[in-house]
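Here's the structure, in structure tokens; my notes come after.
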Amino acid sequence: MLVHKAGWSDGNALPASVASSATVGLAKELYDASRIGGRASGKDLVANAVGIGLAVGLIAL
């Protein structure tokens, strides 16, 4: 989306996309941990990292 609609280069868009995705995932886990009786899930963080890595791999093809 950043490449096509915002005119960013691939080299700039990919790190920004990875950073924003990781930030949203981490923020969600911090929110979960802040709720009464809530806790952050390490498995969710691993799943986020795997998903981001797969997306980067597909984009790099």
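Annotation note: Cβ proximity below 7 Å between a residue of segment 20-48 that is over 22 Å from Leu2 (Cβ atoms) and a residue that is basic (Lys, Arg) and in a loop (DSSP other than H, G, I, E, B) (sequence gap 6+ or interchain) occurs for Asp32/Arg39; Ala33/Arg39. Within segment 39-55, the residues that satisfy the criterion of being open to solvent by less than 50 Å² (accessible area, probe 1.4 Å) and under 21 Å from Asp10 (Cβ atoms) are Gly51, Ile52, Gly53, Ala55. Filtered by the rule that a residue be in a loop (DSSP other than H, G, I, E, B), farther than 16 Å from Ile59 by Cα and open to solvent by 50 Å² or more (accessible area, probe 1.4 Å), segment 9-38 gives Arg35, Ile36, Gly37.
The values are calculated or read from the model by the stated rules, or taken from the named source; none is laboratory data. Everything quoted here is computed from the prediction, not taken from an experiment. Note: ideal-geometry Cβ built from the backbone for every residue, glycine included; neighbour counts use all protein chains shown. When the accessible area is computed, the model is the full protein with side chains, heavy atoms only, and any ligands, DNA or RNA have been set aside. Shrake-Rupley method; radii C 1.70, N 1.55, O 1.52, S 1.80 Å.
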